[in-house]
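The values are calculated or read from the model by the stated rules, or taken from the named source; none is laboratory data. Quick caveat: nothing in here was measured; it's all calculated off a predicted structure. Cβ placement follows ideal geometry from the backbone for every residue including glycine, while neighbour counts extend to all protein chains displayed. Calculation scope for accessible area: heavy atoms of the full protein, side chains included, ligands and nucleic acids excluded. Shrake-Rupley method; radii C 1.70, N 1.55, O 1.52, S 1.80 Å.
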Amino acid sequence: MLGRLARSLVVCCSLAALAACSDGVLDADTLSPVNSAVGSQMSRTGPVSAWIGDTTMHVGDTIRIGVLAVNRRTRRDVTKELRFTYTSSDSSVAQVSSTGLVTARAAGEATVTVGSTLGSAAVDVKVIGPPTPVFDSVAFGDLPARPDSLVMPPVQPDTSVDAEALRTLPSFSIPFLPAASVNVSVPSISGRSIRVAANDAAALSAALSSAVAGDEIVLPNGSEYVGNFMLPKHTGAGVVVLRSETVSTLPGTRVTPTSAGSFARIVTNNVAPAIKAEEGSSGWRLIGLQVRVAAPATDNYGIVVIGPGTEPTMAQLVSNIVLDRVYITAGELSTSRCVALNGNSLAVVNSWLADCHAKGRDTQGIGGWTGVGPFLIENNHIEGAGQAIMFGGADPKIADVTPSDITIRRNHLFKPLSWGNGKWTVKATFELKHARRVLFEGNVLENHWMDAQVGYAVLMQAANQDGTAPWSKIWDVTFRDNTIRNSTSGLNILSRTNIEGRTSNDPMRRVLFQNNLFVDVGRDPISGWNSGSNFVQLLGDHEDVSLLQNTIVPPSGVSANAAVMFDGAPNKRLTISNNVIGTTSYGIFGTGSSEGNTTLSKYSPGAIVTGNAIAGRIASLYPTGNSYPATIGATDFVAPGAGDYTLRSSLPYAMSGGSRVGVNGLRLVDLEKAAVTR
């Protein structure tokens with residue numbers, strides 16, 4: 001169990017895929033599909049049944065017990081008519097609340113009993129310790145432990161997403177947050193200060209080779225070093241700093257092309273990286289540098305390569321490397337990516353990555369596909385034509401390795417509109433193909449259009465890319481408090497993609513989208529075309545995807561194709577609740593189906609769709625509990641001109657079930673100010 005707040009399967013009529021019933025009367029075969037759905041985790045001790053999604057929990061996991069009570073004489077579902085009590089045989093191992101929420105406290109075994117006047121049921125729970133720390137020497141063989149490079153928060157599901165959501169929104173799955181982050185505090189210098197002569201590439205190479213932990217290498221302001229430089233293995237367990245003599249911005253402050261103007265420049269004039277980390281190297285901090293591609297190069301395969309991504313063993317992965325306040329650019333030349341990020345405990349912070357583009361192939365601002373993490377990408381401006389940020393896209397060479405514990409926060413992911421009309425190959429803005437425990441929070445994604453793909457700003461698709469990593473997965477993604485601005489379409493969520501007959505072993509699991517604003521989404525910003533644009537597309541057999549309290553606003557006068565478009569195999573346990581959805585032609589719609597309930601029954605049986613304000617749709621086609629205003633426009637929001645897209649409180653659909661409908665606009669205004677540097 002990976003920290004799921006499991007949906008409680010208690011209302012028969014809301015579970016069309018589990019039972020055919022009317023007025024709460026269960027058919028004779030009702031319990032069979034219910035039992036099949038929850039498998040061996042279900043306890044059937046008389047008329048009361050109880051289950052949890054997984055009987056093995058990590059310390060810190062939280063999961064809700066599901067309960068079904070049936071009057072055997074009348075075959076009636078009486079779950080909602082009874083009061084249940086919950087007790088644990090050992091609260092120090094598994095604590096249970098009065099509402100059936102089980103929290104794993106310590107390693108051991110316990111039995112949780114659900115009692116009622118009609119009968120009782122019991123579920124056995126086994127609790128194991130938290131996941132092994134990322135740099136545990138047992139887990140990673142010869143890789144040296146570097147606990148000083150990590151910040152280890154509690155391993156637990158995210159119960160801070162939105163306090164009111166846990167109280168009053170419908171049941172939904174809470175993904176695991178990242179289990180570790182990267183310590184990016186500026187290290188103290190305990191060794192030498194090695195000053196390199198201006199413009200002397202050989203001297204820089206020699207300084208890099210001779211440095212030991214605790215040293216710093218200082219480059220004169222405005223100097224330029226042309227070549228392909230290696231960050232080698234060094235002695236000692238600490239960090240070597242490579243920096244310009246004067247770094248004009250304070251720690252935690254993002255550089256800009258202007259503020260980086262005086263930095264020392266490291267330049268590649270060929271296809272090889274300007275800076276590359278040697279296999280197995282560890283403990284480097286790059287601060288206040290420009291890194292560039294220059295003529296006679298016309299193409300480049302990666303400007304900064306922190307781990308090539310082809311390492312066959314854990315010991316060969318790089319670790320504990322941070323890029324802080326760097327300006328990286330390809331200018332008008334081509335590059336595969338500005339930064340390759342493969343390894344353990346790696347970060348890019350407070351930086352400006354510009355013009356990461358090429359024609360005819362994928363390119364990224366930051367791309368990573370191997371290593372166990374953690375990865376931190378925070379407070380950056382990132383321009384990537386293929387993707388600004390992508391994890392996955394090539395198979396790890398180490399069995400069962402998945403890029404994990406990824407935090408992406410307060411970044412401006414930006415595509416200049418001048419890149420349109422085929423100048424560079426454009427695919428997505430943020431993409432995941434292989435990742436777990438991802439927090440994508442407080443980012444602004446600006447400008448995205450149709451080119452080599454159909455125009456979704458965000459794409460998630462588990463991909464066994466080269467056919468050698470069937471364990472590739474997308475699990476536990478929290479996507480919250482972001483703004484997606486000026487894009488053809490919004491989210492494309494594909495459980496697992498088929499590449500020449502190859503798929504991943506596991507479906508996508510536990511993905512939460514909450515409090516995100518999609519503004520001017522639904523029309524291509526280059527061509528002006530909108531007839532095929534969708535706000536959200538859900539494809540395949542994903543499990544526990546939740547869309548909560550998002551607001552989607554198309555450009556004025558535009559009707560997008562669909563609010564939510566379905567295709568592929570049916571998904572499980574989908575929640576779409578308390579969202580504001582602007583005008584579309586087809587509302588909630590699926591391939592080969594018809595609008596509303598028919599599509600939901602085919603593609604997402606048992607889905608919870610409630611509390612939404614969906615513009616212009618016909619109520620009789622949809623589940624009850626939603627609102628269908630004729631239009632949703634600027635006058636319905638508090639202050640859209642100032643960026644506040646909170647629904648006006650006077651609207652009858654501004655609240656549902658005691659919870660806000662749509663975004664907390666003021667929060668997003670503040671976060672956008674923090675993410676965007678013009």
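If you bin every alpha carbon distance in the stretch 238-340 into 5 Å steps from zero, what whole percent lands in each bin?
Pair shares across the bins are 3, 13, 22, 20, 21, 13, 6, 2, 0.
So how long is each side of the stretch 487-569 along the principal axes, counting just the alpha-carbon atoms, biggest first, in Å?
43, 30, 17
Please compute the Cα-Cα pair-distance distribution of the stretch 421-550 with 5 Å bins starting at 0, giving whole percents from short to long.
For the stretch 421-550, the pair-distance distribution reads 2, 11, 20, 22, 19, 15, 8, 2, 0.
Among the DSSP beta bridges whose two residues both lie in the stretch 467-525, what percent are antiparallel, rounded to the nearest 5? Mind showing how you got there, number by number?
Values: 1 of 10 bridges.
Restricted to the stretch 467-525, the bridges split so that about 10 percent are antiparallel.
Using a 1.4 Å probe over the heavy atoms of the protein chains, calculate the carbon and sulfur portion of the accessible area of the chain as a whole percent.
Summing carbon and sulfur atoms, their accessible area is 52 percent of the total for the chain.
Run down the lysines and flag those whose C-alpha is under 19 Å from the C-alpha of residue 423, throwing out any fewer than 8 positions away in its chain.
Cross-link targets: 359, 415.
Quick query: amide H of residue 345 versus all other amide H atoms, modeled in the peptide plane; which residues come in under 5 Å with a sequence gap of 5 or more or a different chain?
Close amide H contacts, sequence-distant or interchain: 320, 373.
Would you list, by chain and number, the lysines whose Cα falls below 16 Å from the Cα of residue 572, excluding same-chain residues fewer than 8 positions away?
Correct list for residue 572: 602.
According to the square roots a ≥ b ≥ c of the eigenvalues of the Cα gyration tensor, what is the shape class of the stretch 461-534, taking rounded for a/c under 1.5, prolate for a/b larger than b/c otherwise, and oblate for the remainder?
Values: a/c = 3.63, a/b = 1.63, b/c = 2.23.
Since a/c reaches 1.5 but b/c is at least a/b, the shape of the stretch 461-534 is classed as oblate.
Between the helical axis of 201-210 and the dominant principal axis of the chain, each derived from Cα atoms, what acute angle in degrees is found, rounded to the nearest 10?
The two axes meet at around 60 degrees.
Principal axes first, then extents: for the Cα atoms of the chain, list largest minus smallest coordinate on each axis, whole Å, largest first.
90, 59, 47
Only sites in a loop by DSSP and with at most 10 other Cβ atoms within 10 Å count here; which GluC sites (Glu not before Pro) in the stretch 264-335 make the cut?
332
Sorted by average packing, counted as other Cβ atoms within 10 angstrom per residue and highest first, what order do 189-199, 219-229 take? Don't skip to the answer; put the middle values down first.
Numbers: 189-199: 15.1, 219-229: 18.6.
Top to bottom by mean Cβ count within 10 Å: 219-229, 189-199.
Can you find, among 272, 89, 193, the residue sitting farthest towards the positive end of the charge dipole of the chain, where Lys and Arg contribute +1 and Asp and Glu -1 at Cβ?
The residue sitting farthest along the positive end of the dipole is 89.
Distances longer than 16 Å among the Cα atoms of the stretch 282-357: what percent of all pairs is that? If you can, show how the numbers build up before the last one.
Values: 1435 of 2850 pairs.
Percent of Cα pairs beyond 16 Å in the stretch 282-357: 50.
Taking Cα atoms, how many degrees apart are the long axis of helix 665-675 and the longest axis of the chain, rounded to 10 and kept between 0 and 90?
Roughly 20 degrees, rounded to the nearest 10.
Where a ≥ b ≥ c are the square roots of the eigenvalues of the C-alpha gyration tensor, would you call the stretch 371-476 rounded, which needs a/c under 1.5, or, failing that, prolate if a/b is larger than b/c, or oblate?
Details: a/c = 2.50, a/b = 1.43, b/c = 1.75.
Note, shape of the stretch 371-476 comes out oblate.
Averaged per residue, what accessible area in Å² does the stretch 323-368 show with a 1.4 Å probe, protein chains only? Before the final figure, lay out each step's value.
Values: 730 Å² over 46 residues.
Heavy-atom accessible area per residue stands at 16 Å².
What number, in percent, do you get for the relative contact order of the chain if the mean sequence gap of Cα pairs under 8 Å and at least 6 apart is divided by its residue count? Present the calculation step by step, with values, prior to reporting the outcome.
Details: 2123 pairs, mean separation 52.3, N = 678.
Relative contact order comes out at 8 percent.
Report Rg(Cα)/(2.2 N^0.38 Å) for the stretch 320-437, keeping two decimals. If you can, show how the numbers build up before the last one.
Working: Rg = 13.5 Å, N = 118, 2.2 N^0.38 = 13.5 Å.
This ratio for the stretch 320-437 stands at 1.00.
By a straight-distance test (C-alpha under 18 Å), which lysines pair with residue 397 as possible cross-link partners, with residues fewer than eight away in the same chain excluded?
Counting by Cα, and skipping residues close in sequence, residue 397 has these lysines nearby: 433, 473.
For every helix of n ≥ 4 consecutive DSSP H residues, a contribution of -39,500 (n - 2.57) applies; sum these over the chain, divide by its total residues, and give [θ] at 222 nm rounded to the nearest 500 deg cm²/dmol.
Values: 5 runs with 42 residues, N = 678.
Rounded to the nearest 500, the figure is -1500 deg cm²/dmol.
Determine the percent antiparallel among the DSSP beta bridges restricted to the chain, to the nearest 5.
Details: 39 of 178 bridges.
Restricted to the chain, the bridges split so that about 20 percent are antiparallel.
Give the average over all directions of the projected area of the C-alpha convex hull of the stretch 190-306, one decimal, in nm². Could you put the intermediate results ahead of the total?
Details: hull surface 28.9 nm².
The directionally averaged projection comes out at 7.2 nm².
For a quick check of your reading of the filter: which trypsin sites (Lys or Arg not before Pro) in the stretch 601-657 sit in a DSSP loop and have no more than 15 other Cβ atoms within 10 Å? Could you put the intermediate results ahead of the total?
On the way: sites: 602, 617, 648; in loops: 617, 648.
Answer by residue number: 648.
Would you please classify the overall shape of the stretch 334-400 from the alpha carbon gyration tensor, given that a ≥ b ≥ c denote the square roots of the eigenvalues, rounded means a/c under 1.5, and beyond that prolate means a/b larger than b/c while oblate covers the rest? List each step's numbers first, then the result.
Working: a/c = 2.93, a/b = 1.23, b/c = 2.38.
It is oblate, given that a/c is not under 1.5 and a/b is not larger than b/c.
In whole Hz, with x marking every Gly and Pro, tabulate ³J(HN,Hα) for the stretch 78-91 from phi via Karplus 6.51 cos²θ - 1.76 cosθ + 1.60, θ = phi - 60°.
Values, residue by residue: 10, 4, 6, 8, 9, 9, 10, 10, 10, 9, 10, 5, 8, 5 Hz.
Checking a compactness column here: for the stretch 270-313, what do you get for Rg(Cα) / (2.2 N^0.38 Å), N being the number of residues?
Numbers: Rg = 12.1 Å, N = 44, 2.2 N^0.38 = 9.3 Å.
The stretch 270-313 yields a ratio of 1.31.
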